[in-house]
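Just below is one structure, and these are the notes that go with it.
The values are calculated or read from the model by the stated rules, or taken from the named source; none is laboratory data. These numbers were taken from a predicted model, which means no experiment stands behind them. Positions of Cβ are generated from backbone atoms using ideal geometry, with glycine treated the same way; all protein chains shown enter the neighbour counts. Note: accessible area is taken over every heavy atom of the protein model, side chains too, but ligands, DNA and RNA are not part of it. Shrake-Rupley method; radii C 1.70, N 1.55, O 1.52, S 1.80 Å.
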Amino acid sequence: MAAKKVTPSAPKRASHDAGLPQPFVDFMLQKWRPQGGKTVAQLRGVKRFAARRAALAKAFPGETLVIPSGPEKVRANDTHYRFRPGTDFYYLTGHMEPDGVLLLSPQTKGRSRSELFVHANPGRGDASFFADRNGELWVGPKLGVAQTARRFGVDAAYCLSQLQTRLRSLTGPFRLLEDLDDRLPPALPKAPRKAQKARNDDLAATLSELRLRKDPLEVAALQRACDATVRGFEDVIATLRDRRLGPPQSERQVEGVFNLRARVEGNDVGYNSIAASGAHACILHWTDNDGRLKEGELLLLDAGVEGHELYTADITRTLPISGRFSPPPKEVYDLVWASQQAAFAALRPGADFLDPHRAAMRVLAQGLIDLKILRVDLATALDPQNMFYRRYTLHGVSHMLGLDVHDCAAARAQTYRYGMLEPGMVLTVEPGLYFQRDDRTVPARFRGIGVRIEDDVCITARGYRLLSQLPSRSDEVEAWMAKVWKRRPDCTSRPRPR
């Protein structure tokens, strides 16, 4: 039977595309091998995703929940950034394609119905596969409607073209995960904006709070991301003594070396890598990465591999480019290291989330007094009405970690920032000191030095488990660098493919 020809009415095209003559369209639609009827396998962990959907629906009985993945984002004109699905959408489905929308609808007996709206895959019988810039020959095949329902274990899947009609037909209360797809609000039933915004915010907060505690498979995914990140750090260390190419000349080269590891062993970097040498390390989120590397200075590398399951590591080491800390940077480094050890000691279930921060700040403040940088007593420095120590360390010591580098950000303050640590929570421990070059409160020998040490931990029933297994004490860092240079004299090891 001949394939049905359906020419798209408004194919997505670029400004420089030429029109397609009908004979060419006819020719392109002919003589393609029939697609096999192979059934796609169910997604690994499909029951976990279903359980998450059920837990979310249980929190909002009798309501329809709308969770989008989000569209591709334009980088320049008609080119896009590499797509990464919305975190909550992925958490509930495991689906990775752009534009997807999950609907959780109330059903009888307290059960919810899960529906996924996705791109169709019309195959070679529809000219869109080559004529549309979103077609298969341009961006690769989509899974399609029928296969999506089986792979992701949802009750039903539909084509995206049916979504607006479905949304307009909603009756009863609904909640939308906002700010991911601006095409959705106009299609939803009208509701008083202030009340609807509160409902939507409550949905976002509940999703973040569901994600605060990681299950064992999530922790395992984070461990893999941390392990790959450690190998990325060793790649960077190796390039500092590359016998073939010479040492790296710029921060950007450091960034590129680490990002190679992230793309080969994972999905990507979990955030823009910070490769800050010299005084750039005093800029907390330095991502221009266009400075020069110089012997005798420090390199602050804050980077994380995002694994194939989209869980990301977040690790920082401040490395002596020469392989040895000179005395002033070592003084600063050892103070930051001591503050991190104090923060670790405060990690346990039942502790306040802020306890590690408080412990680290106490050590840093006393150290600043000992260095004659702060000229007040410890109580005065730590007084919440003063917080003089914050001039030299602006950020908190911890944040949650998971599918987002700053995970669960929409959770309520009483549950997250002012909540208690519980087994399964994964967070960073990252104290730092930053002495700006123009800061006259700082002795000249310390100006331009920035140090941060960051590790990833999982709270356990008895305390915590360190996920980021790499040296941190100054003498251990020096020995580690020497060991990498001895073991890998010819730059980066071969990255491990997926």
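Key figures
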quantity: Positions within region 279-290 being open to solvent by less than 10 Å² (accessible area, probe 1.4 Å) and either among the small types (G, A, S) or closer than 23 Å to V457 by Cα (or both), in sequence order; calculated: A281
quantity: Output for region 419-446, where each listed residue is part of a strand (DSSP E or B) and of a type in the set (S, T, N, Q); calculated: T428
quantity: Helices (runs of 4 or more DSSP H) contained in region 1-113 and holding at least 3 residues open to solvent by 30 Å² or more (accessible area, probe 1.4 Å), modelled with pLDDT of 95 or more and over 28 Å from F130 (Cβ atoms); calculated: 46-59
quantity: Residues of region 399-428 classified as of a type outside the set (A, V, I, L, M) and free of Cβ contacts under 8 Å to residues at least 12 places away in the same chain, total; calculated: 2
quantity: Residue check, D182 modelled with pLDDT under 95 and either acidic (D, E) or under 24 Å from A55 (Cβ atoms) (or both); calculated: yes
quantity: Check on D126, touching a residue at least 60 places away in the same chain (Cβ under 8 Å), crowded, with 20+ Cβ neighbours inside 10 Å and of a type in the set (D, E, K, R); calculated: yes
quantity: Checking L310 against (1) part of a loop (DSSP other than H, G, I, E, B); (2) aliphatic (A, V, I, L, M); (3) open to solvent by 10 Å² or more (accessible area, probe 1.4 Å), the condition it does not meet; calculated: (3)
quantity: Test: residue in region 326-333 that is within 30 Å of H95 (Cβ to Cβ) and charged (D, E, K, R); calculated: no
quantity: Test for R241: is it in contact with a helix residue (DSSP H, G or I) (Cβ under 6 Å, 6 or more places away or on another chain) and open to solvent by 30 Å² or more (accessible area, probe 1.4 Å); calculated: yes
quantity: Number of the exception - G296 against (1) surrounded by fewer than 24 Cβ atoms within 10 Å (Cβ to Cβ); (2) assigned to a helix (DSSP H, G or I); (3) not polar (S, T, N, Q); calculated: (2)
quantity: Region 266-278: number of residues that are crowded, with 22+ Cβ neighbours inside 10 Å and more than 13 Å from the chain's Cα centre (by Cα); calculated: 4
quantity: Q196 without any contact (Cβ under 8 Å) to a residue 24 or more places away in the chain and part of a helix (DSSP H, G or I); calculated: yes
quantity: Within region 236-258, considering residues that are part of a loop (DSSP other than H, G, I, E, B) and among the aliphatic types (A, V, I, L, M), the one modelled with the highest pLDDT; calculated: L240
quantity: Selection status of L212, closer than 23 Å to F117 by Cα, open to solvent by less than 60 Å² (accessible area, probe 1.4 Å) and out of contact with any Pro (no Cβ under 8 Å at 6 or more places or on another chain); calculated: no
quantity: Residues of region 449-486 classified as under 30 Å from E422 (Cβ atoms) and either hydrophobic (A, V, I, L, M, F, W, C) or under 24 Å from the mean Cα position of the chain (by Cα) (or both), total; calculated: 19
quantity: Region 285-296: number of residues that are touching a residue at least 40 places away in the same chain (Cβ under 8 Å) and under 23 Å from T87 (Cβ atoms); calculated: 0
quantity: Top-ranked residue in region 470-498 [being part of a loop (DSSP other than H, G, I, E, B) and at pLDDT 95 or above; ranked as surrounded by the most Cβ atoms within 10 Å (Cβ to Cβ)]; calculated: S472
quantity: Meets criteria (more than 26 Å from the chain's Cα centre (by Cα), without any contact (Cβ under 8 Å) to a residue 60 or more places away in the chain and buried (at least 18 other Cβ atoms within 10 Å of the Cβ)) for A149; calculated: yes
quantity: Residue ID - least open to solvent (accessible area, probe 1.4 Å), chosen from residues in region 447-462 that are outside any strand (DSSP E or B) and touching a strand residue (DSSP E or B) at 6+ places or on another chain (Cβ under 9 Å); calculated: I453
quantity: Breaking point among (1) surrounded by 15 or more Cβ atoms within 10 Å (Cβ to Cβ); (2) over 28 Å from the mean Cα position of the chain (by Cα), for S169; calculated: (1)
